[in-house]
Every structure is written in C-alpha cells, then in structure tokens.
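Input: a single structure, listed below in structure tokens.
The values are calculated or read from the model by the stated rules, or taken from the named source; none is laboratory data. Since the structure is predicted, the reported quantities are computational estimates derived from the model, not experimental observations. In this analysis, Cβ positions are derived from the backbone assuming ideal geometry, glycine residues included, and neighbour counts consider all displayed protein chains. With ligands, DNA and RNA removed, areas are computed over all heavy atoms of the protein, side chains included. Shrake-Rupley method; radii C 1.70, N 1.55, O 1.52, S 1.80 Å.
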Amino acid sequence: GIVVEATPPIGGHRIVSTGMGVMVTSSFMTAELENPRPGLNSRIIASLAQGQPVLLPADQIGRYNAGEGMDIVNLYGSWLASGLDPAQVSEINTLLAMSFLETFSGFRLRRVIREVRCEAEYTTMHQSGVFRFYPTSPDGTISLAVLTKEDAMSMPHAFAGAMFRYRKPELRLGSADQQLLLAALKGRTDEELCAELGLGLPTIKKRWLAIFARVTQVLPELQQMEEADSVRGRQKRHHVMAYLRAHPEELRPYDWTVEASAAAKRRGTER
C-alpha cells in the first residue's frame, strides 16, 4: 500500500491520497472476470469480514511465484475530493503507479485487474492500448480493466511490460537475508538495521559476509567488478545493492521445492 502526503498540507490535510494492491486467489480472479459487476473492492473486504478471505495466503506466495504466477487486484484508490488542482492529481497518479510497479516488480504475475470508476482514468488506461475492459454497470460508467501477461509483453518497453518481466532468482537467499537487504535498500545503516531487525551488530556484519560470499559464488562477474573497483575503495555493498535494484526477484518469496517437484515429475514421465 501507499499513502501520499503533502508538504505543506493541502486544505489542512496532510494525507492526500491512498492506494493498495492485493494478491488474490486465481479462482476469485477467474470468477470476477466470468461475471463482471460493480463493487470489486467491497467484495474483497467482505471476504475478510466473513472469515473467508480471497487474498492469497502469505505462506503460498512463494509457491505461486515459483509456479503458475499470481493475480493482483489494484484496489481503487482515493484522494482529496477538493483542493487538488489537475497537476497535483496527475502527480498523485504517477506516484501511485510508480509505487505499484515497485511493490510488485520481481513477482511472477499473470493478471492485474482494477475497477475503473473515473472517466479520466478510463481514458488514460484505454489510450495505453494494453488493457481489456469489461463493463460492469448498465450505463457503462464502471468497468473492470484487465491486464494479462500476454497483452503486457506485447509492449515490452511500456510500463506494463516492465511489470510483467520476470526472471527466476539466482542467489537463493533465505528470508532473513532478504529482510536485511530490503531494509538496506531503504538506505539503513548497520546501526539502523540492528534496531529495525532486533539484532546485534556482530550478527549484522556476519550476515553481510555470508551474503557477499553467496554473491561471489553465484555471480562471479559481480566479483570481478568489485575487484576492479577496489583500488578506488568502493565497498562491496555498492554493487550488491545495484544488482538487487535491477533484480527485485531476488528479494521475493520463492518456493524452490516447486521446481524440484516439477523436475522429478518430468523425469518420471521420460522414463
């Protein structure tokens, strides 16, 4: 999720917009597309209140990421009803889109769906040429905008193509190392990492050494860059952080047993 804050406040309001994306089960997504109707956000919230959530369970994200991929609902966001000029609304929409891309890049995505209620948003999305629209109200004022991997990859250099571009992780980082690196990408110092992760400084330094050793083992070309830069005194973290920014898949849950199971099944079929 994202909260957009204005400095200084606009009309006395510091928070001027919010947005959120959620991973949902493929059965829920398929049912929604087979029977398009208004109230997508409400049905997701109701499923939580009723104790039958349609959200993808956290412990299954790694399995879907390593297998068939995930479906995302970009929940309809909100912003101040008054006080914002067109330029500010445009800036907010850009921030929401960038945050959505940053949050879900590195996941194996299948479909993204959003309920469109604003004519200006509909026009913008329609002009992109990659969304399919499913009317949900008799007068056509509300519709579902759907983006599939196939449609997105037909325009690989566009925003949509970047979001669906996926590579399998190579480093096989554990969840603890991923947590540390995600925090480090936010610019945290080792001392701040200690406070945030509840670990002592020796443990943090030991984690870094283990990460460097793993990177050196799996990505020897990165080691060569480090050696070339050593005369200028650059720290190893510089290249590791740059690599992770370009490869967010390394910091996403990934269930390696799915791949092993598929390989075993293929071997059985070949026999």
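Here are the numbers:
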| item | result |
| --- | --- |
| Size of electric dipole in the chain: Cβ of Lys, Arg +1 and of Asp, Glu -1, about Cα centre, debye, nearest 20 | 840 debye |
| At R0 = 45 Å, FRET efficiency that the Cβ-Cβ distance of Thr141 and Ala183 yields, to 0.05 | 0.55 |
| Computed helical MRE - 222 nm, the chain, DSSP H runs ≥ 4 contributing -39500 (n - 2.57), nearest 500 | -15000 deg cm²/dmol |
| Accessible surface of the chain, 1.4 Å probe, proportion on carbon and sulfur as whole % | 54 percent |
| Unit charges at the beta carbon, dipole of the chain: most positive-side option, Ala145, Leu222, Pro53 | Leu222 |
| Around Phe164: net Lys/Arg minus Asp/Glu count, Cβ-Cβ under 11 Å | +3 |
| Max mean-square fluctuation residue, GNM over the chain, Cα-Cα springs under 10 Å, options Leu48, Leu173, Leu182 | Leu48 |
| Pairs from Lys149/Lys186; Lys168/Lys205; Lys206/Lys236 whose Cα-Cα separation, in the structure shown, is over 22 Å | Lys149/Lys186; Lys168/Lys205 |
| Residue-level accessible surface for Glu221, protein heavy atoms, 1.4 Å, Å² | 100 Å² |
| Residue among Ile92, Ile15, Tyr166 farthest towards the positive dipole end of the chain, charges placed on Cβ | Tyr166 |
| Residue with peak Gaussian network fluctuation, the chain [Cα springs, cutoff 10 Å], from Val24, Val16, Val146 | Val16 |
| Label-to-label distance, nm, for residues given as Ala158 and Cys118 (7 Å Cα→Cβ offset) | 2.0 nm |
